[in-house]
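K.L.:
There's a structure below that I have some questions on.
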Amino acid sequence: MCENKRPEDMKRINTPELAKAFIDEQVERVRQQVGGKKVLLALSGGVDSSVVAALLIKAIGKQLVCVHVNHGLIRKGESEQVIDIFGRTLDANLIYIDATDRYLNLLAGVSDPESKRKIIGKEFIEIFAEEARKLEGIEFLAQGTIYPDILESVKAAEGKKAVKSHHNVGGLPEDLKFELVEPIKLLFKDEVRVVGEALGLPHAMVYRQPFPGPGLGVRCLGAITRDRLNALREADAILREEFDIAGLNEKVWQYFVVIPDIKSVGVKDDSRYEGWPAIIRAVNTTDAMSATVEEIPYAVLHKITARITSEVEGINRVLYDLTPKPTGTIEWE
Ligand code: XMP
């Protein structure tokens, strides 16, 4: 059997019992694979890397070294959540790197979406490699690869063309050779979530909406500036909060704010107030290849608009994107 192929008779993990059996089996496997050696993991706080972290902490405790890189393009509260859950509650070996300045300096003046993606991906590898070189005695690299990633690479190898370079993050430099530990590589996303809950991770973390690797970087359109990025982060946090309150977080697949690099004339406190528009995107999809726009109650949209325009510095309008995919892609860049 090819170890990257899901066996046909493998049961779908859809109950806590099946998840527990899977966890026990993987804990045993990981212990056998790594023995007393150390394992490195890039922990973004996304579902996949979080589940791998929780699984490996259970299997090998402090032999796991988690590196969390804050590239300054993550959502409000995300690094704090990683530090709280993994650093405090699970008492993991966690290295936190705030690389915000490094990223924003590199991205200054870069407006082409694919160039932005490449810079963000490349810099991540560089920072991660720097950390890996500082640490002694690491022989293994854990990754949150899941089965759709494997299927995706098979498609890529067959030469199918993508609209955006989602998977443009290259491998680590030649001098860093690790054996891979990929305990969830045969699982589909819904199974990863069931396993995550069985490992005791918070529901909100395990069921959180997908968030692209380049993060807010592809939602702060064109050349990123600190003030517009901050406005985006605050507006996005308000949107997420209001979607939670309205119960829409369980109904809408992906919802976020986009801020274009344009200003319009507005009025505030009886004076002219030039500001950016915040664009709301809320879509449903099954495979991200096509998407429909969700009907959000007007009352919710009004409340979000009132909050964003009064609480977020620099924004004077809120718009709702009604475009399905196609013709619009889900992200604006
Ligand atoms: P699009 O915009 O292509 O997005 O309709 C489809 C899904 O992919 C996500 N996306 C990305 N994910 N790196 C990622 O990891 C990227 O560069 C990237 N671009 C888009 C997007 O959020 C949506 O879920």
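K.L.:
Work out from phi, with θ = phi - 60° and the Karplus expression 6.51 cos²θ - 1.76 cosθ + 1.60, the ³J(HN,Hα) of each residue of region 99-113, listed in order in whole Hz, and give x for Gly and Pro.
P.N.:
Once θ is set to phi - 60°, the couplings for region 99-113 become 9, 3, 4, 4, 5, 5, 5, 5, 8, 4, x, 8, 10, 6, x Hz.
K.L.:
How much of the DSSP bridge set in the chain is antiparallel, in percent, rounded to the nearest 5?
P.N.:
Antiparallel bridges make up about 35 percent of those DSSP assigns within the chain.
K.L.:
Looking only at region 22-59, which residues have a backbone nitrogen under 18 Å from a spot 7 Å from the Cα of E80 in the C-beta direction?
P.N.:
Answer for this model: 45-46.
K.L.:
On average, how much accessible surface per residue is there in region 16-206, in Å², for a 1.4 Å probe, leaving out ligands, DNA and RNA?
P.N.:
Computed with neighbouring chains in place, this is 48 Å² per residue.
K.L.:
Scan around V65 for amide H atoms under 5 Å from its own, H built in the peptide plane at 1.01 Å from N, and keep only partners 5 or more places away or cross-chain.
P.N.:
Those lying under 5 Å, H to H, from V65 are V39, L40, L41.
K.L.:
How far is the Cα center of region 257-282 from the Cα center of region 38-73, in Å?
P.N.:
Rounded to whole Å, the Cα centres lie 38 Å apart.
K.L.:
Also, quick follow-up: Excluding residues fewer than 8 places away in the same chain, name every one of the lysines whose C-alpha is closer than 26 Å to that of K58.
P.N.:
List returned: K5, K11, K20, K37, K38, K134, K177, K185, K189.
K.L.:
Turning to a different aspect of this structure: Of the accessible area of the chain, with the probe set at 1.4 angstrom, what percent is carbon plus sulfur? Working shown, then result.
P.N.:
Values: 8910 of 16820 Å².
It is 53 percent, rounded to a whole number.
K.L.:
May I pose another question? Which whole-number percent is the relative contact order of the chain (Cα, under 8 Å, 6+ apart)? Please list the in-between numbers first.
P.N.:
Details: 518 pairs, mean separation 57.6, N = 333.
Relative contact order here is 17 percent.
K.L.:
5 Å is the cut-off here: which amide hydrogens, built 1.01 Å from N in the peptide plane, fall below it relative to L221, excluding neighbours closer than 5 in sequence?
P.N.:
Correct list: I259, D261.
K.L.:
Mind checking which aspartates and glutamates have their Cα closer than 18 Å to the Cα of K268? Skip sequence neighbours fewer than 8 apart in that chain.
P.N.:
Qualifying aspartates and glutamates at Cα under 18 Å: E311, E313.
K.L.:
Ranked highest first by average number of other Cβ atoms within 10 Å, how do 37-45, 17-25, 311-319, 277-285 line up?
P.N.:
Details: 37-45: 21.9, 17-25: 15.4, 311-319: 17.4, 277-285: 19.9.
Highest mean packing first, the order is 37-45, 277-285, 311-319, 17-25.
K.L.:
Sticking to Cα atoms, compute the Rg of the chain to one decimal and its Dmax as the biggest Cα-Cα distance, whole number, in Å.
P.N.:
20.9, 72
K.L.:
I'd like the GluC sites (Glu not before Pro) in region 136-221 restricted to DSSP loop residues with at most 14 other Cβ atoms within 10 Å, sorted by number.
P.N.:
E136, E158, E174
K.L.:
Also, quick follow-up: Mind checking which lysines have their Cα closer than 16 Å to the Cα of K118? Skip sequence neighbours fewer than 8 apart in that chain.
P.N.:
By straight Cα distance, K118 reaches K164.
K.L.:
Here is a follow-up. Treating the Cα atoms of region 219-320 as identical point scatterers in vacuum, please give the log10 of the normalised Debye intensity I(q)/I(0) at q = 0.12, 0.14, 0.17 Å⁻¹, two decimals.
P.N.:
These q points yield log10 I(q)/I(0) values of -0.40, -0.54, -0.77.
K.L.:
Taking the 0 to 90 degree range and rounding to the nearest ten, how far is the long axis of helix 226-245 tilted relative to the main principal axis of the chain, both from C-alpha atoms?
P.N.:
Orientation of helix 226-245: about 80 degrees from the principal axis.
The values are calculated or read from the model by the stated rules, or taken from the named source; none is laboratory data. Because the structure is a prediction, the values reported are computed rather than measured. Cβ coordinates were reconstructed from backbone atoms using ideal geometry, including for glycine residues, and neighbour counts include every protein chain displayed. The protein model used for the area step is the full one, side chains on, heavy atoms only, and it has no ligands, DNA or RNA in it. Shrake-Rupley method; radii C 1.70, N 1.55, O 1.52, S 1.80 Å.
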